[in-house]
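Attaching a single structure in structure tokens format; questions to follow.
Every read-out reported here was derived from the displayed coordinates using simple, explicitly stated rules and does not represent laboratory data. Bear in mind the structure is a predicted one, so any value in this text is a computation, not a measurement. Virtual Cβ from ideal backbone geometry, glycine too; neighbours counted across all protein chains shown.
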Amino acid sequence: MTEHVLVWHPKVPGDAPADSDDQLRLIGMPTGLVRPARQTPANEELTTASRAVVNEVIADLKRRTREPDAPPTRVSLNGLDDSEKATLADILGEGDVWAKVGLDNAYWRVVESVMAGIWRVESSTADGTQGEWIEIGPVPAPILRAAAELPRAEIPIPGQMPQGAMNAPALLFELQQRSSEYRPGAENHVINFTLLPLTDVDAQVLTTVLGQVPLVIRSGGFGSSRVFATGLRHVWAVQFINGMGNVILDTLEIGGVPVSVLAAREDFEDSAERLSEILQAFN
């Protein structure tokens, strides 16, 4: 499948259906930096080292039923060989949420397991250094770090708008104010473009002034969503796509990482139970 760039653009009347985004890459992210799919066959049994990793993940999941908002936990895979890593990959599977992040000449590919709250993270740097590990939490650390460091605290709002801009000027001032007032832990504020029609000029002004940083999250499942980190801190563009590729809900969220891609307390409990059952099956 052809790899192409995922770029946020607010939906306006008459827009064509959204492109398929199964193989999207970040703007400015070189191709080939993230390692290809593993070819090493998995073991039919869990080794002692693999079992220790699974037990560590289960223990952290259980802890999060009491502390769901604790920072992400990183579980190293350094002690495993390729076959053991392949076995873990088979156990965890690939779920419906993935992300790509670019920061400090390094790139991360993040894929949630079929068990929510467990994330497989692969990193690549420009010099070819690669790494991989598991993270447990509502969302992995690379996403949190990129969201905090990449966007700007303020955006320069033009004093004069192009002809045809109707709602963009007021929106930009509202976004700037709400972004500066947001504090971690507060509820996200949502601006629904479905209830606030935009002209083509409005959409162009918003995408130009807000900009976009190399942090994109995609969620599949029964309904697909795409989450873009804009160039203004705490402001996210979130689009929900139907099976025909049409944007059915187009929003901006001001706040933390949108809840649509976060693992919740009940997810940790369910994933701990499911992973424990899988571990028992290997006994």
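Where a ≥ b ≥ c are the square roots of the eigenvalues of the C-alpha gyration tensor, would you call segment 110-154 rounded, which needs a/c under 1.5, or, failing that, prolate if a/b is larger than b/c, or oblate?
Oblate is the answer for segment 110-154, as a/c is 1.5 or above yet b/c matches or exceeds a/b.
So if the hydrodynamic radius of segment 143-283 is defined as the Kirkwood radius over C-alpha pairs, what does Stokes-Einstein give as its diffusion coefficient at 25 °C and 0.890 mPa s, in µm² per second?
Here the translational diffusion coefficient equals 146 µm²/s.
OK, next. Calculate the spin-label point distance for Ala281 paired with Gln177, positioning each point 7 Å from the Cα along the beta-carbon direction, and give it in nanometres.
5.4 nm
Apply the a/c threshold of 1.5 to the C-alpha gyration tensor of segment 53-168 and tell me whether it is rounded, prolate or oblate.
Cα axes put segment 53-168 in the prolate bin.
Estimate the FRET efficiency between Asn105 and Met166 by the formula 1/(1 + (r/R0)^6), using the beta-carbon distance for r and 41 Å for R0, to the nearest 0.05.
Here the calculated transfer efficiency is 0.55.
How far is it, in nm, from the label point at Ala264 to the one at Thr65 when both lie 7 Å from their Cα along the line to the Cβ?
That separation, rounded to one decimal, is 1.7 nm.
Please compute the modelled spin-label separation between Ala153 and Thr199, points set 7 Å along Cα→Cβ, answer in nm with one decimal.
With each label placed 7 Å out from Cα toward Cβ, I get 3.5 nm.
In angstroms, what radius of gyration and Dmax does segment 184-223 have, counting Cα atoms only?
13.8, 34
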